[in-house]
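Inspection log for the structure reproduced underneath, given as structure tokens.
The values are calculated or read from the model by the stated rules, or taken from the named source; none is laboratory data. Remember, predicted model here, so these are calculated numbers, not experimental data. A quick note on method: Cβ atoms are made from the backbone with ideal geometry, for glycine too, and the neighbour counts reach across all protein chains shown. Each accessible area value is taken on the protein alone, full model and side chains, heavy atoms only, with ligands, DNA and RNA left out. Shrake-Rupley method; radii C 1.70, N 1.55, O 1.52, S 1.80 Å.
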Amino acid sequence: YALSINGEFIEANDRYLKMAGLSFNELKGKKLDDLMTEEQAKEMDMQNFIPNLLSGHIFRKNIHYIINNESHWFYETFTPFYDQAGKFSKIFCIVTDFTKMKLTEIQQEALVLKLQEEVKKLRQRMI
């Protein structure tokens, strides 16, 4: 996808739209942080995000979005693009969806906690 200088979605390919479970009409006019959790938006420091990109920095981050009440985890690389005259054109983003992997990790962490509790109970019975 691509963002304007204001951080609004201006382009999105079919693959991204499918990953996000959205149509472009649903994205159009929205800003990137509209899809983020409040915590994620604060962590990304959205006020400085665009100025940092415009100063030529490439930004990479694991980002947690809530889209249509569903969690999505994307690894994203943001790159500023300039036209032939050297004027800012857009922010281009390459996205890797690692939602399934993150959900598996969350399930495994919950299982580990449950097993730790069971071990604790068994040890108490042995005393």
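Here are some notes:
- Under 30 Å from K31, Cα to Cα: lysines that are on another chain or at least 8 residues apart: K18, K42, K61, K87, K90, K100, K102
- Ligands, DNA and RNA left out, the accessible area of the chain computed with a 1.4 Å probe is 51% carbon and sulfur.
- Computed from backbone phi with θ = phi - 60° and the Karplus coefficients 6.51, -1.76 and 1.60, the 3J(HN,Hα) list for the stretch 67-82 is 10, 6, 6, 10, 7, 9, 10, 10, 9, 10, 10, 9, 9, x, 10, 10 Hz; x is used for glycine and proline.
- Across the stretch 28-35, coupling constants 3J(HN,Hα) worked out from phi with the 6.51/-1.76/1.60 Karplus curve, θ = phi - 60°, read 3, x, 8, 9, 3, 6, 5, 9 Hz, and Gly and Pro carry x.
- The value of relative contact order for the chain, using C-alpha pairs under 8 Å at least six residues apart, is 21 percent.
- Accessible area per residue for the stretch 1-66, computed on protein heavy atoms with a 1.4 Å probe, is 61 Å².
- Over the chain: helical MRE at 222 nm, DSSP H runs n ≥ 4 each giving -39500 (n - 2.57), nearest 500: -13000 deg cm²/dmol
- Cβ-defined net charge surrounding K61, 12 Å radius [Lys, Arg +1; Asp, Glu -1]: -2
- Computed about the Cα centre, the dipole magnitude for the chain is approximately 460 debye when only Lys and Arg (+1) and Asp and Glu (-1) carry charge, each at its Cβ.
- Translational D in µm²/s for the chain (Stokes-Einstein at 25 °C, 0.890 mPa s, Kirkwood Rh from C-alpha pairs): 147
- Residue-count net charge about K28 - beta-carbon cut-off 14 Å; Lys, Arg +1, Asp, Glu -1: -2
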